[in-house]
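Below is one structure, written out as structure tokens, with a few remarks after it.
The values are calculated or read from the model by the stated rules, or taken from the named source; none is laboratory data. Bear in mind the structure is a predicted one, so any value in this text is a computation, not a measurement. Positions of Cβ are generated from backbone atoms using ideal geometry, with glycine treated the same way; all protein chains shown enter the neighbour counts.
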């Protein structure tokens, strides 16, 4: 529905006519499901990708627990793109990268990481003249953990995602680039109320 209606907000989406039954809205369908299964649910967020030269590939993991969209740019249309897109989407689902590449890393977050590494190195008693080298080494490790194209490919530990894309680009004779991705995990971002245990005991005792 999101692909066809081109809505931009959740409010607009739930007000749309349901694609399988235009006599009801999306919100009315959700409300009916809540009544049927007895569990609360809501449409919380969505992403819409569109690309002229390339593909958008989706992947759903764990019976809907994690959903991923990946956008691949490529000047040549090739059936292999769907397989490559799924591989990248599975990587996103499994490794949970925070950024696409080094350039996308939030500068404030990076400086915070650097300061943590710097303090750690000094606390380890390392000479100040080599602390900066250690910091940069740990920053590079940080990039490999949080940047999609820097990550080790989960299906082949000898490849990074960048190397995998380079190899596949050679096979089809055109450059393949990941331009963006989105990863949704069920319950992510929902704050759960945690009752204080002592207060709970007091309530049970009628205090």
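Across the range 170-180, which residue is surrounded by the fewest Cβ atoms within 10 Å (Cβ to Cβ) among those that are in contact (Cβ under 8 Å) with a residue 24 or more places away in the chain and in a helix (DSSP H, G or I)?
Selected residue: 171.
For the range 102-121, give me each residue that is within 20 Å of the chain's Cα centre (by Cα), part of a helix (DSSP H, G or I) and surrounded by 14 or more Cβ atoms within 10 Å (Cβ to Cβ).
Listed by number, the residues that qualify are 102, 104, 110.
Residues in the range 135-147: is at least one closer than 30 Å to residue 41 by Cβ, in contact (Cβ under 8 Å) with a residue 24 or more places away in the chain and outside any helix (DSSP H, G or I)?
No - not one qualifying residue is present in the range 135-147.
Take the residues in the range 157-166 that are surrounded by 12 or more Cβ atoms within 10 Å (Cβ to Cβ) and out of contact with any strand residue (DSSP E or B) (no Cβ under 8 Å at 6 or more places or on another chain); name whichever of them is nearest to residue 97 (Cα to Cα).
It comes out as 162.
Might you check whether a residue that is in contact (Cβ under 8 Å) with a residue 12 or more places away in the chain, in a strand (DSSP E or B) and closer than 28 Å to residue 96 by Cβ occurs anywhere in the range 15-33?
no
May I ask you to verify whether residue 29 is within 30 Å of residue 82 (Cα to Cα) and surrounded by 10 or more Cβ atoms within 10 Å (Cβ to Cβ)?
Working: within 30 Å of residue 82 (Cα to Cα): no; surrounded by 10 or more Cβ atoms within 10 Å (Cβ to Cβ): yes.
Considered against the rule, which asks whether it is within 30 Å of residue 82 (Cα to Cα) and surrounded by 10 or more Cβ atoms within 10 Å (Cβ to Cβ), residue 29 comes out as no.
Output the residue which, of all residues in the range 172-207 that are more than 30 Å from residue 51 (Cα to Cα) and under 23 Å from the mean Cα position of the chain (by Cα), is modelled with the highest pLDDT.
190
Checking residue 89 against (1) within 10 Å of the chain's Cα centre (by Cα); (2) within 13 Å of residue 177 (Cβ to Cβ), which single condition isn't satisfied?
Checking residue 89 against (1) within 10 Å of the chain's Cα centre (by Cα); (2) within 13 Å of residue 177 (Cβ to Cβ), the one that fails is (2).
For the range 54-75, which residues satisfy the criterion of being at pLDDT below 95 and at negative phi?
61, 65 - these are the residues of the range 54-75 that are at pLDDT below 95 and at negative phi.
Suppose we filter the range 19-40 for residues that are within 24 Å of residue 187 (Cβ to Cβ) and touching a strand residue (DSSP E or B) at 6+ places or on another chain (Cβ under 7 Å); how many remain?
Within the range 19-40, residues that are within 24 Å of residue 187 (Cβ to Cβ) and touching a strand residue (DSSP E or B) at 6+ places or on another chain (Cβ under 7 Å) number 2.
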